[in-house]
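Following: one structure in structure tokens, then a few remarks.
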């Protein structure tokens, strides 16, 4: 039976020409339940949550980043993103902190009261 112009590559050649999986971005999208949890937490602590899609910083790509701002302020307090198997919180000043879940991250973040 004719192959209708279809050329099949041997497995080894296929693996060398194209990777099967593209590299994942550093930050991947949050689950909807986690977004609702962060939104509720933000409102309770009088913070504004902004969802930034397709964010890029220092050569790293993020599908989704949550930015937390004090109300009536343009200065970001924290950035939060979901990595593979972890939640990362980057304060405006200081080192990134890693947590196993959004709930654990929020429990550790206590906004300073003015």
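Rundown of residues vs (1) touching a strand residue (DSSP E or B) at 6+ places or on another chain (Cβ under 7 Å); (2) in a strand (DSSP E or B); (3) surrounded by fewer than 12 Cβ atoms within 10 Å (Cβ to Cβ), yes/no style:
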{"site": "30", "(1), (2), (3)": "yes, no, no"}
{"site": "40", "(1), (2), (3)": "no, no, no"}
{"site": "52", "(1), (2), (3)": "yes, yes, no"}
{"site": "63", "(1), (2), (3)": "yes, yes, no"}
{"site": "87", "(1), (2), (3)": "yes, yes, no"}
{"site": "107", "(1), (2), (3)": "no, no, yes"}
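I'm checking my understanding of the structure. Among residues of the stretch 93-105 that are part of a loop (DSSP other than H, G, I, E, B) and touching a strand residue (DSSP E or B) at 6+ places or on another chain (Cβ under 7 Å), which one is surrounded by the most Cβ atoms within 10 Å (Cβ to Cβ)?
In this case the residue turns out to be 101.
Which residues, counting only those in the stretch 69-85, are within 21 Å of residue 55 (Cα to Cα), without any contact (Cβ under 8 Å) to a residue 40 or more places away in the chain and either in contact with a helix residue (DSSP H, G or I) (Cβ under 6 Å, 6 or more places away or on another chain) or part of a loop (DSSP other than H, G, I, E, B) (or both)?
73, 74, 75, 76, 77, 85
Taken together, the values in this text are just the output of simple stated rules run on the coordinates, not laboratory data. All values reported here derive from a predicted model rather than from experimental measurement. Cβ: placed from backbone, ideal geometry, glycine included. Neighbour counts: every protein chain shown.
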